[in-house]
Amino acid sequence: MPLPPKNPSAAYTRFKSSMILDYGKWRDGEPYDIPALAEVTEEERNLLTDEILERGGSLDWRDVEALEALGTPKALKRIARTAKKQHDGGGAEALTAEIARDGWSHAAEKRLIEMLEHMQSMTSASDRLYTLCEEHQTPAVMKQLMRNARTQSDETMRYSAGAFLLYISGHAEDWYGLDGADRPHLLDLNSDDYKTYKAAVAWLEDKVANPKPRP
């Protein structure tokens, strides 16, 4: 662990304090104090980069946000590696940062599709990945979303993908599948009865093939 600066700035102290997460902060998805990083010294910027990188293992989405704001060569290199290797919230945040900085590309599309293939319920990745899908509704991305709705092994993710497809095709106001009229069809994407399952898939495919413009 790098030694702290002899005379830390108020911004450095503020940011370090924000890195201490209690259960409430973790549960509510409270980020680190990213604005404080605009005021730290160059020495502190490098120290904070090293501290985050020396933790080892996977990066949390908060760590990725901090590294992006720190913007040191080491930080950006680690973000790139995280975007390629992790499928969780940290990986999704890293991919989001990469696309924001470098733009949309075939490589970014390929990586997004790979992350969609590995989506899991109850993680911080879903909303970030769905936001990227909403911004980049390419045929390949839409095809993978439909594949998730049809064949994902996790039943909650089939429902989630179906609900998101309804949303981006203009048939729902949100992507959480809360509309009572849609819920039975979305649940049937996991039906053990083949005819019921096929009918649910056909219903979803028809909705997606006939999008509604948003008001």
Residue count, the stretch 80-95 (criterion: surrounded by fewer than 24 Cβ atoms within 10 Å (Cβ to Cβ), not small (Gly, Ala, Ser) and not in a loop (DSSP other than H, G, I, E, B))
3
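Looking only at the stretch 172-183, how many residues end up being touching a residue at least 24 places away in the same chain (Cβ under 8 Å) and surrounded by fewer than 17 Cβ atoms within 10 Å (Cβ to Cβ)?
Filtering the stretch 172-183 for residues touching a residue at least 24 places away in the same chain (Cβ under 8 Å) gives 175.
Filter once more, so that each one left must be surrounded by fewer than 17 Cβ atoms within 10 Å (Cβ to Cβ): none.
Within the stretch 172-183, residues that are touching a residue at least 24 places away in the same chain (Cβ under 8 Å) and surrounded by fewer than 17 Cβ atoms within 10 Å (Cβ to Cβ) number 0.
Residues that are modelled with pLDDT under 95: list the helices (runs of 4 or more DSSP H) wholly contained in the stretch 150-215 that include at least 2 such residues. Steps first, please.
Numbers: elements: 155-168, 183-187, 194-209.
Fully inside the stretch 150-215 and qualifying: 155-168.
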Given (1) under 17 Å from the mean Cα position of the chain (by Cα); (2) modelled with pLDDT of 95 or more; (3) outside the structural domain of Gly29 (by TED's automatic domain parsing); (4) not aliphatic (A, V, I, L, M), where does Tyr130 come up short, assuming only one miss?
(3)
Counting only residues in the stretch 53-67 that are touching a Lys or Arg at 6+ places or on another chain (Cβ under 8 Å) and assigned to a helix (DSSP H, G or I), the one nearest to Gln86 (Cα to Cα) is identified as Trp61
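Sort through Arg62, Arg128, Arg81 and tell me the only one that's in contact (Cβ under 8 Å) with a residue 24 or more places away in the chain and over 30 Å from Arg214 (Cβ atoms). Quick ask: steps written out before the conclusion?
On the way: Arg128 fails: over 30 Å from Arg214 (Cβ atoms); Arg81 fails: in contact (Cβ under 8 Å) with a residue 24 or more places away in the chain.
Every option except Arg62 fails the conditions.
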Unmet requirement for Arg147, which otherwise passes all of (1) under 16 Å from the mean Cα position of the chain (by Cα); (2) surrounded by fewer than 20 Cβ atoms within 10 Å (Cβ to Cβ); (3) at pLDDT 95 or above; (4) part of a helix (DSSP H, G or I):
(1)
Number of positions in the stretch 1-30 that are aliphatic (A, V, I, L, M), touching a Leu at 6+ places or on another chain (Cβ under 9 Å) and not in a loop (DSSP other than H, G, I, E, B)
1
Selected residue [among the charged types (D, E, K, R) and either surrounded by fewer than 17 Cβ atoms within 10 Å (Cβ to Cβ) or closer than 18 Å to Thr123 by Cα (or both)] from Glu98, Glu109, Glu68, Glu54:
Glu54
Filter the stretch 31-51 down to residues that are assigned to a helix (DSSP H, G or I) and either within 17 Å of Ala125 (Cβ to Cβ) or without any contact (Cβ under 8 Å) to a residue 12 or more places away in the chain (or both), then give me how many there are.
2
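Of all residues in the stretch 117-144, which are more than 16 Å from Ile168 (Cα to Cα) and either in contact with a Lys or Arg (Cβ under 8 Å, 6 or more places away or on another chain) or not polar (S, T, N, Q) (or both)? So that I can check it myself, show each step before the final result.
Of the stretch 117-144, the ones more than 16 Å from Ile168 (Cα to Cα) are 117-125.
Correct list: Glu117, His118, Met119, Met122, Ala125.
The values are calculated or read from the model by the stated rules, or taken from the named source; none is laboratory data. The model shown is predicted, which means the values in this text are computed figures rather than measured ones. Quick reminder, even Gly has a Cβ in these numbers, built from the backbone with ideal geometry, and neighbours come from all protein chains shown.
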